[in-house]
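Here the structure is laid out as structure tokens; the discussion comes afterwards.
Throughout, read-outs are computed from the coordinates displayed, never taken from laboratory work. All figures in this text were calculated on a predicted structure; none of them were measured in a lab. When we count neighbours, we look across all protein chains shown, and the Cβ atoms used for this are built from the backbone with ideal geometry, even at glycine.
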């Protein structure tokens, strides 16, 4: 009985340590930020990216500067990354006519600040060749996870960026930005 | 003791898995940031009524017809505060169903004619959003952001990506605390 008691305490401490590390990993705001787009471009150049590929996302007003990682959706599974913002590669590239979909975790190191976004603020997309395009936030809205209408293609040139929000991540906070 | 525990567990599972059975299926509504349907009416400015509100709001207003029984109203106030109203014509619903939907936050409108809709009963639900009232909006009447299925995702997507895992962290913390508590209780009860 005493052995079981000790075992439970040790397992408990271990689990809490893992949970604490996980919490730190998700909320350390400096973990993923890149300070200079140029440096980031050099890194990405080594991994066979096209010049027109989006590689960085900046929302100056919210202090967000993150790498963009290509992601797939297949068999009801969304690829997600803990290294930046996911760009759904079955949608048009940011800056092309249509709806370009990006999403990221609501961790402190990624998009925790996104729900503070306001219409009129700018989202900048950085491309592999160092060029940039600015998008103006026109809508923000909290939706349910099954509201897939935000993913549908459009006739304008926009990016749709979203993250989890609400009690126990039960909602999605969606930011829509149109090319300036 | 075993009997009591299993009875309580069964009751909890039964209640948790129980779902009310209704004769209706609520329509799907797009968001005002990416509206669909046919533009029914559009006002770039002016005072507009919002169902459930007792005063007028100043700003732009658009209404889209989604189907024979559903419409989407997108109001964008001059200050950027938006209200999305989902309209549902409920002529075919029973009073019990309507009462049940009212409890879920829908607002009953006995006659839609007062809101420029058909002469029929409607339910309406408001959701807030933020918008940028476009000063140079196109008045052509065409829906600028008229949605089409995006290549590769289309109707196959059942939900949006889960981009948060607070549940995971909370679950692990709870499990850790439970283990330590269990261990300490065992030690004391020795």
Treating the range A:33-179 as a set of equal point scatterers at the Cα positions, no solvent, please give the Debye-formula log₁₀ I(q)/I(0) at q = 0.09, 0.10, 0.16 Å⁻¹.
-0.24, -0.30, -0.81
So what's the back-of-envelope 222 nm ellipticity for chain A, counting only DSSP H runs of four-plus at -39500 (n - 2.57) apiece and dividing by all residues, rounded to 500?
-6500 deg cm²/dmol
In Å and on Cα atoms, what radius of gyration and Dmax does the range B:34-134 show?
13.5, 42
Taking Cα pairs under 8 Å and at least six residues apart, what relative contact order does the range A:62-180 come out at, in percent?
25
Antiparallel %, DSSP beta bridges [both residues in the range A:33-179], to 5
75
Test item: B:86-93 mean partner chain Cβ contacts at 10 Å
0
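Counting other C-beta atoms within 10 Å, which of B:173, A:57 has the fewest, and how do the rest follow?
The most exposed by this proxy come first: B:173, A:57.
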